[in-house]
Every structure is written in structure tokens, then in C-alpha cells.
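Read through the structure below, which is laid out as C-alpha cells, and then see the notes.
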Amino acid sequence: MRNKTILISGSSVAGPTLAYWLARHGFRPTVVERAASLREGGYAVDVRGAAVEVIERMGLLTQVRSLATETERTAYVDADNRQVAGLTADARNGREGDDLEIMRGDLARLLFDATQPEVEYLWGESVTSLVQDADGVRVTFEKAAPRTFDLVLGADGLHSNIRGLAFGAESEFVKDLGYYVSIFSTENHLNLDRQELCYNTPGKLAAMYSANGNSEAKAQFYFTSDKLDYDRRDTKAQKRILAEAYAGEGWVVPQLLEAMWDAKDFYFDSVSQVRLDSWSRGRVALVGDAAHCASPLSGMGTDLALVGAYFLAGELKAVGGDYPIAFARYEQHMRDYVAKGQKSAGDNGKWFVPETKGMIGFRNQNIRMLQYMPWKNMITGGASRAAKSVDIKAY
Ligand SMILES: Cc1cc2nc3c(=O)[nH]c(=O)nc-3n(C[C@H](O)[C@H](O)[C@H](O)COP(=O)(O)OP(=O)(O)OC[C@H]3O[C@@H](n4cnc5c(N)ncnc54)[C@H](O)[C@@H]3O)c2cc1C
């Protein structure tokens, strides 16, 4: 086996999955994560089709099932919290059969635990430069001493640092879809029982769903916006943006915004997709959102991250670490699947966040009719079908 020392940037979904499989295949991965410890929080993510198989091969299926959110229903409500339309959570999120839903933070924790104690982690650290030559990649860090690795893999998300260092400016690859998303944990003050409530006004969605066995809730917001200029590390500034965007809105929005100021796991980002012609440059490759973010509107970002990490590690093993061949094969496995995942974001924005009162009414009318449609699975099962469209080969 050649090229055994591998640096992975990012420890969320793609990073630890990659580290797990690389370690299992005989490589020596090191993970560098900018956060001081494993990041909690985030929304409920769907794990479908091929990604369920990856989880099963990691021996984590029982644990993922035991942490599944079990959200049963989504109700669309008016300002007085009266239901105007509703459907099952599976139908809303396009889940079928063995598909699962789990909180991102719970999944990241399970994946990280599966890499212990074999994998080395550098917390609160970030790569500052990469210089490749025929023998390896010389890496400098913000704090730690420089090191040389055989390969560097970027699993550091939509705003990937590794992509910026090895491929070029984010503006070349990131396409904003015209929305922002925010989510944070809050008290379950509506006593929601495995339920999600969504409240729309033109161009805005505010939602709340129970989590962790109804012991808490997640507040979630999507709103239409042109590109916003803000510091991605300045959480307070992001909270101010959200507060301004929702000022004067009804339903329980004022209570949620008040709780927001104390939220420890506040998440805010643009809803964007990443498109690159190639996911590797020499000894550096990208995986997960860093390579091909499909956006939360696709509901497939986690599937793509799990499956991509599995193939990348597997192909490196299959060719004894011969990375140009492995990187090319990894892309071959993933390209069509990623295209389907990105396509599945489609017009979901218009469905989640209708831009006019008329469109909100039209959407609600469609939801009310959905249960009577014999072909309803054709309409709601798109993501599930896309998630099954790739074969997980054994390595
Ligand atoms: C805390 C958190 C909450 C999230 N919540 C949502 C949500 O509510 N809705 C949604 O659609 N998506 C959310 N996501 C993104 C979602 O997890 C991904 O779309 C998907 O699961 C693919 O995962 P990924 O591992 O490729 O990327 P991500 O999950 O984005 O993980 C990237 C990781 O890289 C780390 N990182 C970033 N920069 C550096 C750097 N310079 N050096 C080292 N590490 C770095 C990040 O801290 C993070 O741990 C969230 C991600 C995180 C980290």
C-alpha cells in the first residue's frame, strides 16, 4: 500500500466516515477540525438508500435507528397556530422503506466514536497552506508545526478551506440558490410530540419540531434573500440578520427569536450548491459538501457525504493507494448520483418558501389533495429514488 499518511480536513459527516474506512483499509488518517471539539447541533438529516447501506457496513445501523428522530407529522399552520394543511413527515421529506432521519449532531458523534481510538484528531486547528510535489504535500497549520502527508482530503463543507487553498476562490464554485437557512435548539414550549409545525409568510418559513424524545425542540428558518455580506465566524452578527429578517412576524416567531440569543448551537448559512469540473488536484481531493454540496433543499447532502467518503476510501484501497486512479474512479461512481442529488433540490425552495400569499395557498391546497392521489409516491419519493440510484460495491 502506497500513500498511507492522509490528512482529512473537517469532522462532521464526510470527514469521520472517510477516516473510519481509510483506517480500516490500512491507511493512517489524521483529522484536522477547526472547532475546538465535535460540533453539536444542526438539523434532522435524512439517511436514505445507499447511505443506509454504508451505515450498515460500518456496524452503526442499530445505533442510528435507536437515535432516529421519529418525527411523524408535518403540519402547516396559520398565525394562530391552527392547522391549514398536513402530511406525514416521510412524505414531506421524501423518505420510503428503510430510510432514516437522525439529528446531524448525533450522527457526527456516532461516526466520530467509530473512528476511536485509531484515528488522530487535531481540534481547534486549521490548514494554512499546502505545497505538493512528487513526494507528498507539505502542510502548515495555524498553530501546530508543519507536517508532510501523502494525500490531503477536504471534508470541510460548503466553505471548504482545502478547496480554497488547492482549487481557487469560493466564488468560482459556489452557486447561491437565493435563500438562507438557520437552525438552533430551543425549549419545546408548544409541547410538540414527534411533530413539526411550519408557518409561512411570503418569502419566509419559520418552523419548529420536537427533538430528543420531545425533550427539546429545533427552531428552523428559511428566507429568500440576495447574497448577504457577513462574517461567517460572527454568530452574533448572524443572529442580528435573522432577527431583522423576521421582525414583526407572527405565530411563535417572537418567542423563537427571543430564545435564539441564548442558543449555543446556532447555525446560519446560505442555501447553496457546489459545482466543480474535477474533485481532485494532484494529491488533494474533496469529498462531501466541499466537493458537491447539494443544499438542504435537496435533503441529500448527508447521503452524498456518506457514500462519497465510502467510495473514496474504498477506491484508494482497491488500487493500493495509487491516488490518480483512485480519485478518477471515485468520481466515476459519484458523478451521476451527485447530479441526481443536486437536481432533487429543484424547485423545493418554491414549495418550502412560497414567495406570495397566492403561492402559499396553492401549496397548501396541493398538500391537502396529496393524500387522495394514487401517484403521491411519484411526487414525494424523488429523493428516495435518487438515493437508491448508486450501487455500494464491497472493497
Ligand atoms: C454544526 C453544523 C450544523 C449543520 N446544520 C445544518 C442544517 O441545519 N441544515 C443544513 O442543510 N445543513 C447543515 N449542516 C451541513 C450538513 O451537515 C452537510 O450538508 C452534510 O451533512 C454534509 O456533511 P459534510 O461533512 O460534507 O460537511 P459539513 O457538515 O458542513 O462539515 C464540515 C466540517 O468541516 C469543518 N471545517 C470548516 N472549516 C474548516 C477548516 N478551515 N479546518 C478544519 N475544519 C473545518 C466544520 O467545522 C465542520 O465540522 C450543518 C453542519 C454543521 C457542521
Practice prompt. Could you look at the chain and say what percent of its accessible area is carbon and sulfur, using a 1.4 Å probe and all protein chains?
Written response: 48 percent
Worksheet entry | Per residue, in Å², the accessible surface of the chain once ligands and nucleic acids are set aside, probe 1.4 Å | 43 Å²
Item to complete: Go ahead and set up a Gaussian network model of the chain, Cα springs under 10 Å, then flag whichever of 299, 248, 157 fluctuates most.
Response: 248
Practice prompt. Per DSSP H run of n ≥ 4, the term is -39500 (n - 2.57); total these for the chain, divide by its residue number, and report the mean residue ellipticity at 222 nm rounded to 500 deg cm²/dmol.
Written response: -10000 deg cm²/dmol
Worksheet item: Does anyone have the angle between helix 323-343 and the longest principal axis of the chain? Alpha-carbon axes, 0 to 90°, nearest 10?
Response: 10 degrees
Discussion item. For the pair residue 189/residue 359, report the inter-label distance in nm, with labels modelled 7 Å from Cα in the Cβ direction.
Written reply: 3.0 nm
Discussion item. With viscosity set to 0.692 mPa s at 37 °C, what whole-number translational diffusion coefficient in µm²/s follows for the chain from Stokes-Einstein and a Kirkwood radius over Cα pairs?
Written reply: 153 µm²/s
Worksheet entry | Calculated on alpha-carbon atoms, Rg and Dmax of the stretch 93-182 in Å | 17.3, 49
Worksheet item: Cα axis of helix 235-245 to longest principal axis of the chain: angle in degrees, 0 to 90, nearest 10?
Response: 30 degrees
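The values are calculated or read from the model by the stated rules, or taken from the named source; none is laboratory data. Here the structure is a predicted model, which means the values were calculated and not measured. Cβ atoms come from the backbone with ideal geometry, glycine included; neighbour counts cover every protein chain shown. Surface areas here come from the heavy atoms of the whole protein model, side chains and all, with no ligands, DNA or RNA. Shrake-Rupley method; radii C 1.70, N 1.55, O 1.52, S 1.80 Å.
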